[in-house]
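A.B. asks: Sharing a structure, written as structure tokens. Questions coming.
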Amino acid sequence: MPGQVALTIDPAALADLVAEIPRGAVLVTGSNGKGTTCRMLSQVMRTAGLHPIVNQEGSNQRSGLATAMVAHSAATGHLPADRQAIGLFEVDEGSMPEILRHIRRPKALVFTNIFRDQLDRYLEPAYTKMLLERAMQTLPEGTALVLNADDPRIACLASGLTNPRIYYGMDDTDPGRDSADPTSDCPRCPRCDGELSYTCVYYAHLGHWRCEGCGLARPQPQVRATKVDLMGPSSAHLQVVTPTAESVLEIPLPGLYNAYNALAAVAAAEECELPDSSFSAIERITAGSLRMEKVEVAGHDVYLALAKNSNGYTEVLRAVLGDRKPKRVLLGLNDFPGKQPDTSWIWDVDFASLTGLVTAPVVCGNRAADLAVRLKYAGWLEAGPDADLVVEPDPVRAFQLALARTSPGQPLWVVSTSVVLGQVRDWLRHQGYVKEVWREQRGSARWLA
């Protein structure tokens with residue numbers, strides 16, 4: 001709301017305030033992972049002595065960025081003098097064209113991935129890629145592009161531009177697979193539209209790719225994970241090589257997708273010429289709101305994890321259940337009537353490979369019945385007496401039920417789309433277990449500073 005008010009009074013407010021940031025602005029975008037990448041990169045920047053201005057509440061469209069700038073400005077309507085200030089903004093991929101009309105000379109653009117997401121807004125991934133490439137045509141030549149080499153859509157983004165590029169990606173093939181991932185949406189060659197072949201697939205369409213038709217292939221990343229160990233549902237161990245250093249990072253977040261987020265943050269830090277010694281700050285990151293956020297409730301560790309599309313849902317579940325040990329999980333699914341009524345993407349989630357790993361699952365949300373049908377066809381209802389599935393559309397009642405069915409001292413994971421998680425978190429806030437998101441984020445920022 002503060003940003004909307006400011007832009008109503010002065011439509012140039014965002015552009016003018018960002019132009020006052022001494023060290024420019026870094027924009028982070030993509031389908032998944034942009035918020036966590038920003039949290040990691042902000043830690044690194046602070047450790048390096050910079051003072052990042054961040055849209056910490058996760059409001060990643062124009063008004064959200066304006067709110068962040070207004071919050072950091074003085075009563076004069078200008079930013080306080082601070083030579084160490086740098087902008088770091090999470091940007092909704094669909095809003096990037098509008099944002100680049102206001103932030104005309106960003107220091108760097110960081111791209112995480114492009115997946116099929118929010119079909120009512122973005123249609124197919126090719127449309128998202130087109131939006132980004134069209135917006136990038138106005139970039140000054142000095143803006144660096146930080147690109148995921150393992151995502152063919154990202155690696156070849158706006159290939160005609162002469163902007164400096166730094167690539168990041170996985171070199172360790174042990175966490176990957178030889179065959180296609182069932183969640184892949186089968187990208188075509190960015191150059192000739194031919195079929196891509198893979199020697200290693202990490203998840204979805206991310207991996208070591210090549211087009212046999214025209215010879216286009218994955219670029220060699222300058223920032224590489226040479227060793228990746230996934231340490232169950234809590235953390236990951238990375239050995240990262242950059243052009244100037246080799247680092248070992250213990251990331252307190254699970255899953256391959258968070259390993260990619262860490263690589264993106266390191267690559268952006270490398271482009272910003274931050275000291276190698278600051279990379280270890282990633283190890284001190286705490287989970288963002290609803291991004292594997294940990295809450296202690298009645299003697300249980302409860303983890304809240306947002307899963308907003310088929311790839312995100314799959315990777316969160318793989319991160320939680322990757323050790324193949326059965327766990328208690330509350331799954332949620334909602335739509336936005338009249339806005340985002342399509343939830344057919346749940347049929348692309350890889351539930352089948354996780355059959356038997358969720359004991360007595362509870363499903364909730366206004367599309368809970370659809371989710372239950374999906375789990376039936378994935379074999380979850382045939383995995384023995386512990387597969388007693390309960391459908392409870394009301395998220396709060398479902399959460400209370402799932403918690404009651406969890407053994408004393410054992411954790412509960414809540415994996416869901418946004419509305420369900422929001423309702424559960426609101427209930428937890430009213431019960432005193434968590435604070436409002438903006439209060440937690442601001443408190444974290446003060447502590448980090």
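A.B. asks: Among the listed pairs 34/435; 34/294; 308/376; 227/327, which are separated by more than 29 Å between their Cα atoms?
C.D. replies: none
A.B. asks: In whole Å, what are the extents of the range 291-430 along the principal axes defined by its C-alpha atoms, from largest to smallest?
C.D. replies: Reported extents, whole Å, longest axis first: 38, 36, 23.
A.B. asks: Only sites in a loop by DSSP and with at most 15 other Cβ atoms within 10 Å count here; which trypsin sites (Lys or Arg not before Pro) in the range 314-356 make the cut?
C.D. replies: In loop regions of the range 314-356 (DSSP not H, G, I, E or B), the sparsely surrounded trypsin sites (Lys or Arg not before Pro) are 324, 339.
A.B. asks: Report, in debye and to the nearest 20, how large the dipole of the range 291-430 comes out about its Cα centre when Lys and Arg carry +1 and Asp and Glu carry -1 on their Cβ.
C.D. replies: On the way: 16 positive and 16 negative charges, 44 e Å.
Using only the charged Cβ atoms, the result is roughly 200 debye.
A.B. asks: With the dipole of the chain worked out from charges on the C-beta (+1 for Lys and Arg, -1 for Asp and Glu) around the Cα centre, which of 262, 48, 111 lies farthest toward the positive end?
C.D. replies: 48
A.B. asks: Follow-up question, since we're still on this one. Per-residue HN-Hα couplings for the range 247-257, Karplus 6.51 cos²θ - 1.76 cosθ + 1.60 at θ = phi - 60°, whole Hz, x for Gly and Pro?
C.D. replies: The phi angles translate into 10, 10, 10, 9, 8, x, 9, x, x, 4, 5 Hz.
A.B. asks: Place a +1 charge on the Cβ of each Lys and Arg in the range 9-108 and a -1 charge on the Cβ of each Asp and Glu, then give the dipole magnitude about the Cα centre in debye, rounded to the nearest 20.
C.D. replies: Values: 10 positive and 9 negative charges, 72 e Å.
For the range 9-108, the charge dipole is close to 340 debye.
A.B. asks: Take each of the peptides 207-214, 414-421, average the number of other beta-carbon atoms within 10 Å over its residues, and list them starting from the highest.
C.D. replies: Details: 207-214: 17.6, 414-421: 24.5.
My ranking of the peptides, most packed first, is 414-421, 207-214.
A.B. asks: Which net charge results for the neighbourhood of residue 245, defined as the other residues with beta-carbon distances under 11 angstrom from its beta-carbon, given Lys and Arg at +1 and Asp and Glu at -1?
C.D. replies: Summing Lys and Arg as +1 and Asp and Glu as -1 gives -3.
A.B. asks: Which length gain, in nm to one decimal place, applies between residue 1 and residue 20 when the Cα-Cα distance is subtracted from 0.36 nm times their residue separation? If you can, show how the numbers build up before the last one.
C.D. replies: On the way: separation 19, 0.36 × 19 = 6.84 nm, distance 2.21 nm.
My answer for the length gained is 4.6 nm.
A.B. asks: Sticking with this one: Given the C-alpha centroids of the range 19-48 and the range 168-215, what is the distance between them in whole angstrom?
C.D. replies: Measuring centre to centre over Cα atoms gives 28 Å.
A.B. asks: Label residue 436 and residue 404 with points 7 Å out from Cα along Cα→Cβ: what is the distance between them in nm?
C.D. replies: Simple spin-label model gives 3.2 nm for this pair.
A.B. asks: If I take R0 = 60 Å and measure r between the Cβ atoms of residue 81 and residue 388 in this structure, what FRET efficiency does the formula 1/(1 + (r/R0)^6) give, to the nearest 0.05? Can you show the working numbers first?
C.D. replies: Values: r = 63 Å, r/R0 = 1.04.
According to the calculation, E is roughly 0.45.
A.B. asks: Okay, next question. Just to be sure I understand: of the beta bridges DSSP finds with both ends in the range 2-285, what percent are antiparallel, rounded to 5? Before the final figure, lay out each step's value.
C.D. replies: Values: 22 of 44 bridges.
Taking every DSSP beta bridge within the range 2-285, about 50 percent pair in antiparallel fashion.
A.B. asks: If you take every residue apart from residue 51 with its C-beta less than 10 Å away from the C-beta of residue 51, what net charge results, scoring Lys and Arg +1 and Asp and Glu -1? It would help to have the intermediate numbers written out before the result.
C.D. replies: Details: positive: 23, 46, 83; negative: 82.
Charge balance near residue 51 sits at +2.
A.B. asks: What are the ³J(HN,Hα) values, in whole Hz, obtained from phi via the Karplus relation 6.51 cos²θ - 1.76 cosθ + 1.60 with θ = phi - 60°, for each residue of the range 60-70 in sequence order, with x given for Gly and Pro?
C.D. replies: Calculated HN-Hα couplings, in order: 10, 10, 3, 5, x, 5, 5, 4, 4, 5, 4 Hz.
A.B. asks: Quick query: amide H of residue 350 versus all other amide H atoms, modeled in the peptide plane; which residues come in under 5 Å with a sequence gap of 5 or more or a different chain?
C.D. replies: Those qualifying (amide H under 5 Å, at least 5 residues apart or on another chain) are 314.
A.B. asks: Mind checking which aspartates and glutamates have their Cα closer than 12 Å to the Cα of residue 107? Skip sequence neighbours fewer than 8 apart in that chain.
C.D. replies: Straight-distance partners of residue 107: 141, 271, 273.
A.B. asks: Give me a comma-separated list of calculated 3J(HN,Hα) values for the range 217-225, in order, Karplus coefficients 6.51, -1.76, 1.60 applied at θ = phi - 60°, integers in Hz, x for any Gly or Pro.
C.D. replies: Values, residue by residue: 9, 3, x, 6, x, 7, 10, 10, 9 Hz.
A.B. asks: Calculate for the chain the 222 nm mean residue ellipticity that helices alone would give, adding -39,500 (n - 2.57) per DSSP H run of length 4 or more and normalising by residue count, nearest 500 deg cm²/dmol. Intermediate results must be reported in sequence, preceding the final value.
C.D. replies: Values: 14 runs with 138 residues, N = 449.
After summing the helix terms and dividing by the residues of the chain, the value is -9000 deg cm²/dmol.
A.B. asks: Shifting gears a bit: Among the Cys residues of the chain, which have no other cysteine Cβ under 4.7 angstrom away?
C.D. replies: 38, 156, 186, 200, 272, 364
A.B. asks: If you compute Cα extents along the principal axes in Å for the structure shown, which of (i) 91, 69, 41; (ii) 74, 60, 43; (iii) 62, 57, 44 do you land on?
C.D. replies: Evaluating Cα extents along the principal axes in Å on these atoms matches (iii).
A.B. asks: Using 0.36 nm times the number of residues separating residue 193 and residue 429, minus their current alpha carbon distance, what extension gain do you get?
C.D. replies: Details: separation 236, 0.36 × 236 = 84.96 nm, distance 4.92 nm.
Once the chain is fully extended between residue 193 and residue 429, it gains 80.0 nm.
A.B. asks: If the label point is 7 Å along Cα→Cβ of residue 352, which residues in the range 166-191 have backbone nitrogen under 17 Å from it?
C.D. replies: Hits in the range 166-191 for residue 352 at 17 Å: 178-186.
A.B. asks: With a Förster radius of 35 Å, plug the Cβ-Cβ distance of residue 9 and residue 297 into 1/(1 + (r/R0)^6) and report the FRET value to the nearest 0.05. Spell out each step's value before the answer.
C.D. replies: Values: r = 43 Å, r/R0 = 1.22.
With a Förster radius of 35 Å, E is 0.25.
A.B. asks: Follow-up question, since we're still on this one. In nm, what is the difference between 0.36 nm times the number of residues separating residue 74 and residue 231 and their Cα-Cα distance? Present the calculation step by step, with values, prior to reporting the outcome.
C.D. replies: On the way: separation 157, 0.36 × 157 = 56.52 nm, distance 4.48 nm.
Working it through step by step, the gained length comes to 52.0 nm.
A.B. asks: Put one equal scatterer on each alpha carbon of the range 300-340, apply the Debye formula with no solvent term, and list log10 I(q)/I(0) at q = 0.17, 0.24, 0.29, 0.34 1/Å to two decimals.
C.D. replies: With no solvent term, the Cα-only Debye profile gives -0.56, -0.93, -1.17, -1.30.
The numbers here are math on the coordinates, done by the rules we state, and not lab data. A quick note: this is a predicted structure, and the numbers were derived from the prediction, not measured. Methodologically, a virtual Cβ is constructed for each residue, glycine included, from the backbone with ideal geometry; neighbour enumeration extends over all protein chains shown.
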